[in-house]
Amino acid sequence: MQARLWMTSAAIALAGTIGVAQDSSTLMIDGQTLVTEAAAPSHLEYVDTIYSGWRFRAPETQALEMDDFDNPAFVFVEQAEEIWETVEGSEGKACASCHADVADFAGLRASLPRVEDGKLVTLEDLINKSRVEHMGAEPWKWSSGNMTAMTALIGLQSRGMPVQVAIDGDAAPFWEAGKELYYQRVGQLDMACSNCHEDNYGVMIRADHLSQGQINGFPTYRLKNAKLNSVHARFKGCMKNIRATPYAEGGDEFKALELYIASRGQGLSVETPSVRN
């Protein structure tokens with residue numbers, strides 16, 4: 001067993017020398033060209049250029065995201081539009097009762113996570129806060145169908161805008177915690193996020209093309225499971241893949257990691273909702 005685990009890790013490490021680069025395709029949606037390649041932000045030490053995960057996908061998968069009619073994520077966006085107008089909770093309100101137009105949230109997805117009242121909050125936190133405090137409704141589970149649909153609808157309003165999260169001031173300790181997690185080796189395979197998404201992006205592994213692990217397109221529709229996937233659900237899946245015990249979705253660890261990884265994509269366009277393998 002130990003020999004097999006060692007061979008798996010070694011194969012990933014060696015693959016970095018023969019990996020293929022991301023392609024040079026241009027992502028255009030509804031007449032708008034999105035930024036999928038940019039100079040790495042100054043706080044990155046080991047990467048010069050950042051790339052959207054879209055650039056690592058097969059042409060047929062790329063094509064799905066380029067047309068909203070073909071993008072399977074829009075089935076869930078349409079569900080969220082119905083939920084937006086649905087009255088729920090003890091206050092007799094819907095999302096639309098306080099927010100007349102979801103388009104007013106343009107720019108929100110690009111700036112999250114952020115610090116509010118000393119706490120790091122994500123889009124899921126903001127949605128549940130509104131449900132509980134303003135609607136008198138039950139909070140949604142982190143990666144539930146309703147939650148991922150609503151984060152897709154709200155995130156869509158920021159599509160094309162550059163990712164720009166704050167990492168200084170009150171956000172600095174959360175960002176540092178996320179950075180530590182990104183480089184921390186865990187699990188039976190003794191691997192960190194960086195081993196795949198910094199050291200070996202562009203490599204083919206298990207018939208998949210490793211990307212830089214950018215999260216500018218979340219929630220993302222995965223062809224693998226035919227549904228929208230939250231950022232934290234993807235983090236959880238990655239930890240399971242390296243035989244590590246995942247942190248809790250919505251927990252402090254994954255929130256900090258989300259902030260740090262979002263900061264690695266500063267300058268890339270928000271693609272929500274994206275399509276991936």
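The values are calculated or read from the model by the stated rules, or taken from the named source; none is laboratory data. Please read all numbers here as calculations on a predicted model, not as lab measurements. We place every Cβ from the backbone using ideal geometry, glycine too, and count neighbours over all the protein chains shown. For accessibility, only protein heavy atoms count, side chains too; no ligands or nucleic acids. Shrake-Rupley method; radii C 1.70, N 1.55, O 1.52, S 1.80 Å.
The set of residues in the stretch 52-75 being of a type outside the set (A, V, I, L, M, F, W, C) and either in contact with a helix residue (DSSP H, G or I) (Cβ under 7 Å, 6 or more places away or on another chain) or surrounded by 14 or more Cβ atoms within 10 Å (Cβ to Cβ) (or both) consists of Ser52, Gly53, Arg55, Arg57, Thr61, Gln62, Glu65, Asp68, Asp70, Asn71, Pro72.
When you look at Pro41, is it surrounded by 12 or more Cβ atoms within 10 Å (Cβ to Cβ) and within 15 Å of Gln214 (Cβ to Cβ), yes or no? Even if it seems obvious, please write down each step before you answer.
On the way: surrounded by 12 or more Cβ atoms within 10 Å (Cβ to Cβ): yes; within 15 Å of Gln214 (Cβ to Cβ): yes.
Yes, satisfied.
Selection within the stretch 60-75: residues that are in a helix (DSSP H, G or I) and in contact with a strand residue (DSSP E or B) (Cβ under 7 Å, 6 or more places away or on another chain). The member of this set that is nearest to Phe218 (Cα to Cα) is Glu65.
Reported count of residues in the stretch 131-148, each being assigned to a helix (DSSP H, G or I) and basic (Lys, Arg), is 1.
Restricting attention to the stretch 76-110, and to residues there that are of a type in the set (Gly, Ala, Ser) and buried (at least 16 other Cβ atoms within 10 Å of the Cβ), which single residue is nearest to Gly217 (Cα to Cα)?
In the first step, residues of the stretch 76-110 are kept if they are of a type in the set (Gly, Ala, Ser); the result is 80, 89-90, 92, 94, 96-97, 100, 103, 106-107, 110.
Now drop any that are not buried (at least 16 other Cβ atoms within 10 Å of the Cβ), which leaves 80, 94, 106, 110.
Values: Ala80: 17, Ala94: 26, Ala106: 15, Ala110: 10 Å.
By that ranking, first place goes to Ala110.
In this entry, Ala103 is excluded by the filter for residues that are small (Gly, Ala, Ser), in a helix (DSSP H, G or I) and in contact with a helix residue (DSSP H, G or I) (Cβ under 9 Å, 6 or more places away or on another chain). Here Ala233 meets the list (1) part of a helix (DSSP H, G or I); (2) surrounded by 24 or more Cβ atoms within 10 Å (Cβ to Cβ) almost entirely, failing just condition (2).
Would you confirm, using the coordinates I've provided, whether Asn128 is touching a residue at least 12 places away in the same chain (Cβ under 8 Å) and open to solvent by less than 40 Å² (accessible area, probe 1.4 Å)? So Asn128 fits the description; yes.
On inspection, Ser25 qualifies as in a loop (DSSP other than H, G, I, E, B), modelled with pLDDT of 80 or more, surrounded by fewer than 15 Cβ atoms within 10 Å (Cβ to Cβ) and touching a Phe, Trp or Tyr at 6+ places or on another chain (Cβ under 9 Å).
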